[in-house]
Each structure stands twice: as structure tokens, then as C-alpha cells.
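Asks: Before I ask anything, here is the structure I am working with.
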Amino acid sequence: MELDFAVNKLFIDPIVLPVNVPGAQTQPGYILEALRQIKILNDPAPMTTVGLSNVSQGTTERSLINRVFLSMAISAGLDSGIVDVFDDKLMDIVATTEMLLNKQIYLDSFLKAYRPL
């Protein structure tokens, strides 16, 4: 702020560890709480981002873990993520989560709004 850098252009990445690393299974919960606290403790709040695939690295159910964690992170205030935009189910979850959080207007074709033209 002293250097006139807009805080809302700052991205904080609370590094996500794989859930299968010994002792790291509790870490996603801490990440979700950190996302909430970043938004509460700062005004204006900086943006947040995560490398989504980190949470599932080396697991057998990568897509499922990524999808569920992304929905939880968006609910906790996540602004952006490094994700596989070609994973249609993941993108459907993003669209649905944002709609249920009232970040997008509901209409019967709300999923089509996330699809490329």
C-alpha cells in the first residue's frame, strides 16, 4: 500500500499440499479457513488463488478430489484457480457453486453460460 500497489490486484496463494502426504490430510481444511480469514482481515481484500491439482497429486481419485475441493474453496472465498478448463464436470461445478452462492443469476441454461461458443 505504501508503494501504491492496489491490494485488490494482489493474489495470495496458500500453497495446497497433496492429501496423501503423511500428515497433510488436515491441510485442506486449514487452507479453507485461511481463505475465509484473508477476506475477513483485509479491506480491501486481496485476491486468492490455488493450484487445484496440488491437492490430489498422486491420488487415485484426482478428478473427484479436485472438484469437491474447488467447490469448497469457492464457498470459502477463492477468487481464482489454476484448473483444467477442459474438465466439463469441473466447470459445471464452478458454475453451479457460483449460482448457489448468488454470484451468478439462475436461469434454466446457466451451465451453457460457462461453455465456449
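Each value in this text was obtained by applying a stated rule to the coordinates, not by laboratory testing. The model shown is predicted, which means the values in this text are computed figures rather than measured ones. Using ideal geometry, Cβ is built from the backbone for each residue, glycine included, and neighbour counts are taken over all protein chains shown.
Asks: Counting only other residues whose beta carbon sits under 15 Å from that of ILE38, what net charge do I get with K and R as +1, D and E as -1?
Replies: Charge balance in the 15 Å sphere: -1.
Asks: Dipole magnitude of the range 12-114 about its Cα centre, charges +1 at Lys/Arg Cβ and -1 at Asp/Glu Cβ only, in debye to the nearest 20?
Replies: 120 debye
Asks: Separation between the ALA6 and LEU111 pseudo-spin-labels, each 7 Å from Cα along Cα→Cβ, expressed in nm?
Replies: 3.5 nm
Asks: So which aspartates and glutamates pass the test for LYS9, namely a Cα distance under 19 Å, with those fewer than 8 places away in the same chain ruled out?
Replies: Correct list for LYS9: ASP43, ASP79.
Asks: A further question on this structure: Between ASN102 and ARG36, what FRET efficiency follows from the Cβ-Cβ distance if R0 is 22 Å, with the result rounded to 0.05?
Replies: The formula returns an efficiency of 0.80 here.
Asks: Still on this structure: Under the Karplus relation 6.51 cos²θ - 1.76 cosθ + 1.60, θ = phi - 60°, what is the ordered set of whole-Hz ³J(HN,Hα) values for the range 39-45, x standing for Gly and Pro?
Replies: 6, 6, 7, 10, 9, x, 7
Asks: A further question follows. Relative to a virtual label point 7 Å from the Cα of ALA45 in the Cα→beta-carbon direction, which members of the range 12-35 show backbone nitrogen distances below 19 Å?
Replies: Inside the label zone: 12-16, 28-35.
Asks: Another question, if that's okay. Once amide H atoms are built 1.01 Å from N in the peptide plane, which residues 5 or more positions from GLY51, or in another chain, come under 5 Å H to H?
Replies: VAL16, ILE82
Asks: Computed from these coordinates, which is Rg and Dmax of the Cα atoms in Å: (i) 14.6, 41; (ii) 15.3, 47; (iii) 18.5, 56?
Replies: The calculated read-out lines up with (ii).
Asks: On to the next question. Straight-line reach from LYS112: which lysines have Cα under 17 Å away, leaving out those fewer than 8 places along the same chain?
Replies: Leaving aside lysines fewer than 8 places away in the same chain, those within reach of LYS112 are LYS89, LYS103.
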